[in-house]
1. Provide a single number: the residues in region 186-223 that are in a helix (DSSP H, G or I) and closer than 12 Å to residue 156 by Cβ.
2. If we only count strands (runs of 3 or more DSSP E) wholly inside region 27-123, which ones have 1 or more residues that are away from the ligand (no atom under 12 Å from the Cβ) and either in contact (Cβ under 8 Å) with a residue 24 or more places away in the chain or touching a helix residue (DSSP H, G or I) at 6+ places or on another chain (Cβ under 6 Å) (or both)?
3. Quick check on region 134-150: of everything there that is more than 21 Å from residue 199 (Cα to Cα) and buried (at least 17 other Cβ atoms within 10 Å of the Cβ), which residue is nearest to the ligand (Cβ to nearest atom)?
4. Between residues in region 239-268 that are more than 30 Å from residue 209 (Cα to Cα) and residues that are part of a helix (DSSP H, G or I) and at pLDDT 95 or above, which pairs lie under 8 Å by C-beta distance while being six or more apart or on different chains?
5. For residue 127, state whether it is away from the ligand (no atom under 12 Å from the Cβ), surrounded by 17 or more Cβ atoms within 10 Å (Cβ to Cβ) and either part of a loop (DSSP other than H, G, I, E, B) or touching a residue at least 24 places away in the same chain (Cβ under 8 Å) (or both).
6. Taking the options 212, 181, 196, name whichever one is over 14 Å from the mean Cα position of the chain (by Cα), under 24 Å from residue 117 (Cβ atoms), modelled with pLDDT of 95 or more and within 11 Å of the ligand (Cβ to nearest atom).
7. Test of understanding: among 254, 212, 274, which residue is surrounded by 12 or more Cβ atoms within 10 Å (Cβ to Cβ) and more than 30 Å from residue 45 (Cβ to Cβ)?
8. Would you tally the residues in region 224-276 being part of a helix (DSSP H, G or I) and touching a helix residue (DSSP H, G or I) at 6+ places or on another chain (Cβ under 6 Å)?
Ligand code: KIV
């Protein structure tokens, strides 16, 4: 798609042209700049900031104001990528008025260009209301981390057939309902590849997979997983494209050693004395 700014309508074009969509999470200015410069299409300011940035077990405690804070930093770091802000738990489930106000805040105060929310059939009317005031909405179905307690943990969904929550046919209904409600794209998380493939074929909006196999229209990873920032957390669907745990550990150990041994700061790292004194 070149170096032009990515905008919401571009995603439909990318699906039509079978141009795979790339998305990463980011939570700050520095990484947003790097990802944008490298050519990422979308940056998601995910509520995964709870787990990835703050070390919490679930995403449930994140607030709208926290997402706004991180989104503003990310927006300042990007020139090309489309920035999507996650709607936190309880910011859209209670009533449509909450959902509209909070989606609006993420656009108005966070400067996001779109919002993402989790859920299927039951959330379709909420998606419709937000989309109706011209706030682009991205859906998210499958392993939806805000449903962690119903799912009994972060568990793969869609393996069982049937119409109960998390079952295969129900997830297809969820995806179709979110599309019909006006979402411009949908994240499919933690489902078998055959289910993600079927949903991708049946929808006209792009699907973006995470732990959903290769046949979605695009892929997303949490940046900490993609960069190998943890020495131990490695779910099956993650491929670390770097080992920043090792790199950052080595740099930190070198810094500690040089400070202790009086090697750093050396002459090159000192300001010149005032001239003419
Ligand atoms: O919060 C997040 O990072 C997400 C992605 C995993 C899709 O929702």
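1. So the count comes out to 3.
2. Qualifying strands (runs of 3 or more DSSP E): 82-86, 114-116.
3. 146
4. Pairs that qualify, where the first residue is more than 30 Å from residue 209 (Cα to Cα) and the partner is part of a helix (DSSP H, G or I) and at pLDDT 95 or above, are 263/257; 264/255; 264/258.
5. It is true that residue 127 is away from the ligand (no atom under 12 Å from the Cβ), surrounded by 17 or more Cβ atoms within 10 Å (Cβ to Cβ) and either part of a loop (DSSP other than H, G, I, E, B) or touching a residue at least 24 places away in the same chain (Cβ under 8 Å) (or both).
6. 212
7. The unique qualifying residue is 254.
8. Total satisfying the criteria: 1.
The values are calculated or read from the model by the stated rules, or taken from the named source; none is laboratory data. Just so we're clear, the structure is a prediction, and the values are computed from it rather than from any experiment. All Cβ positions, even for glycine, are placed from backbone atoms using ideal geometry, and neighbour counts span all protein chains on display.
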